[in-house]
1. Within segment 1-26, track down each residue that is closer than 17 Å to ARG46 by Cβ, of a type outside the set (D, E, K, R) and open to solvent by less than 90 Å² (accessible area, probe 1.4 Å).
2. For segment 5-25, enumerate the residues that are at pLDDT below 85 and among the hydrophobic types (A, V, I, L, M, F, W, C).
3. Kindly indicate whether ILE55 is at pLDDT below 95 and β-branched (Val, Ile, Thr).
4. Do any strands (runs of 3 or more DSSP E) lying entirely in segment 13-86 carry at least 3 residues that are hydrophobic (A, V, I, L, M, F, W, C), and which ones are they?
5. How many residues does segment 85-102 hold that are open to solvent by less than 10 Å² (accessible area, probe 1.4 Å) and aliphatic (A, V, I, L, M)?
6. Does any residue of segment 35-47 turn out to be open to solvent by 80 Å² or more (accessible area, probe 1.4 Å), in contact (Cβ under 8 Å) with a residue 24 or more places away in the chain and not hydroxyl-bearing (Ser, Thr, Tyr)?
7. For THR45, are the conditions met, namely being of a type in the set (S, T, N, Q), at pLDDT 95 or above and more than 15 Å from the chain's Cα centre (by Cα)?
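The values are calculated or read from the model by the stated rules, or taken from the named source; none is laboratory data. Predicted model only: the values in this text are computed from it and were never measured. For neighbour counting, all protein chains shown are included, and Cβ atoms are generated from backbone atoms with ideal geometry for every residue, glycine included. Note: accessible area is taken over every heavy atom of the protein model, side chains too, but ligands, DNA and RNA are not part of it. Shrake-Rupley method; radii C 1.70, N 1.55, O 1.52, S 1.80 Å.
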Amino acid sequence: MRSLLESRHYTSPEIHQREQERIFRHLWIFAGPRTLLAEPDSFVTRTIGGTPIVIQNFGGRLKAFVNRCAHRRSPLQTGEHGRRRLACPYHGWVYDESGKAAGIPACESLFGFDAETRDSRRLASVALECVGNLLF
């Protein structure tokens with residue numbers, strides 16, 4: 001039996017990247033069991049379709065975001081799973097369940113942000129579905 005695809009389709013980094021962008025970013029991908037997120041502030045991180053994702057428990061409500069700070073794009077959560085508030089380890093920005101920067105240390109004096117500018121700093125949200133005990 002012969003494959004319909006050439007061998008480069010299995011080994012090419014360019015084809016892999018294209019598949020991540022065109023296929024896997026648009027599918028429901030298993031992210032883990034819900035039991036990892038039983039406690040407030042618990043989280044899991046994954047890379048799905050080439051994009052780093054964090055799923056975080058906010059007082060019983062699960063939310064998913066791109067795992068990059070809105071300020072300097074540093075990863076917010078660095079472990080595969082754990083329990084820690086959604087905060088950037090670099091400058092200490094803290095995010096709420098809507099992805100808004102709810103706390104920015106020395107916001108006005110250090111960054112020069114007024115309330116409107118601060119409120120516009122948000123994480124990119126990611127679709128999240130829970131089916132039984134499974135997160136997608």
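1. GLN20, ILE23, PHE24
2. If the condition is that a residue be at pLDDT below 85 and among the hydrophobic types (A, V, I, L, M, F, W, C), then LEU5, PHE24 are the ones that fit.
3. The answer is no for ILE55.
4. 42-48, 51-58, 61-66
5. Count: 3.
6. Looking through segment 35-47, at least one residue is open to solvent by 80 Å² or more (accessible area, probe 1.4 Å), in contact (Cβ under 8 Å) with a residue 24 or more places away in the chain and not hydroxyl-bearing (Ser, Thr, Tyr).
7. Criteria not met by THR45.
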